[in-house]
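Note sheet for the following structure.
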Amino acid sequence: MYELLIPFHSLFRWLVLLSLIYAIVSSITGYLKKSRFTKSNDNVRHWTATIAHVQLMIGILLYTKSWAVKAYFSGQAGGSTRFETAFFSVIHLSLMLIAIVLITIGSAKAKRKTESKDKFKTIVIWFTIALIVILLAIPWPFSPLSIRPYFRNFNL
């Protein structure tokens, strides 16, 4: 199951990033042009939050199956793997949970606003902060925290 979830989690990373960037850019555009918040804008808000929540669920399943998490909490990780296991067991998990909370709050607040300008502004603020947190927490190939490839292959 772990080998199947890893590639899905890797793929959904890109869906989360793309949907967040699209939501932010379209909200900035709507805000600056003083556009009306349409059903299409609301769908972008909704689906961005939904994609992020699906990624969270995949991540939680991975967390329960992860060798790194098990090694970290059993105290078996040592040397160079100690920091990597700590990254996935604590740092990645904490930052991603914070990001999902930010997306959820931003989506809920925007949904409840009555003025289009306020809806756009709310999405821009909350989703941008969440995007920054996510970018910090992703184990990029160039990251000093934990190195992972841009895409994980399905090894079935």
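With +1 on each Lys and Arg Cβ and -1 on each Asp and Glu Cβ, and nothing else charged, work out how big the dipole of the chain is about its Cα centre, in Debye to the nearest 20.
Around 660 debye, computed over the chain.
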Margin query: Over the Cα atoms of the stretch 22-106, what radius of gyration and what Dmax do you get, in Å?
Written below: 18.1, 56
Check: So how exposed is Phe73, as accessible area in Å² (1.4 Å probe, rounded to 10)?
Finding: 130
Item checked: Label-point separation in nm, Asp42 to Leu11, each point 7 Å along Cα→Cβ -> 3.1
Notebook entry, point to check: Leaving out ligands, DNA and RNA but keeping every protein chain, what accessible area does Leu136 have, in Å² rounded to the nearest 10, with a 1.4 Å probe?
Noted result: 110
Check: When the chain is modelled as a GNM with alpha-carbon springs shorter than 10 Å, which of Ser19, Ser40, Ser107 fluctuates the most?
Finding: Ser40
Check: With point charges of +1 on the Cβ of Lys and Arg and -1 on the Cβ of Asp and Glu, referenced to the Cα centre of the chain, which listed residue (Gly75, Trp14, Ser116) lies farthest in the positive direction of the dipole?
Finding: Ser116
Next item on the list: Would you indicate which of (1) 30; (2) 15; (3) 43 is the value of percent of Cα pairs over 27 Å apart derived from the coordinates of this structure?
Entry: (1)
Next item on the list: Just tell me, in residue order, which DSSP H segments of the chain are both 27 angstrom or longer along the helix axis (alpha-carbon based) and at least -0.5 in mean Kyte-Doolittle hydropathy.
Entry: 2-32, 39-65, 92-112, 116-137
Check: Can you pull the accessible area of Met1 for me, 1.4 Å probe, Å² to the nearest 10?
Finding: 120
Next item on the list: For every helix of n ≥ 4 consecutive DSSP H residues, a contribution of -39,500 (n - 2.57) applies; sum these over the chain, divide by its total residues, and give [θ] at 222 nm rounded to the nearest 500 deg cm²/dmol.
Entry: -25500 deg cm²/dmol
Item checked: Hits among lysines - C-alpha to C-alpha of Lys121 under 30 Å, sequence gap 8 or more where chains match -> Lys33, Lys34, Lys39, Lys109, Lys111, Lys113
Next item on the list: Would you give the gap between the C-alpha center of the stretch 46-105 and the C-alpha center of the stretch 120-143, rounded to a whole Å?
Entry: 15
Next item on the list: Using a 1.4 Å probe and counting only protein heavy atoms, arrange His92, His46 so the residue with the most accessible area comes first.
Entry: His46, His92
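The values are calculated or read from the model by the stated rules, or taken from the named source; none is laboratory data. Source: prediction; values computed, not measured. Don't worry about glycine lacking a Cβ; one is built from the backbone with ideal geometry, like all the others, and counts go over all protein chains shown. Note: accessible area is taken over every heavy atom of the protein model, side chains too, but ligands, DNA and RNA are not part of it. Shrake-Rupley method; radii C 1.70, N 1.55, O 1.52, S 1.80 Å.
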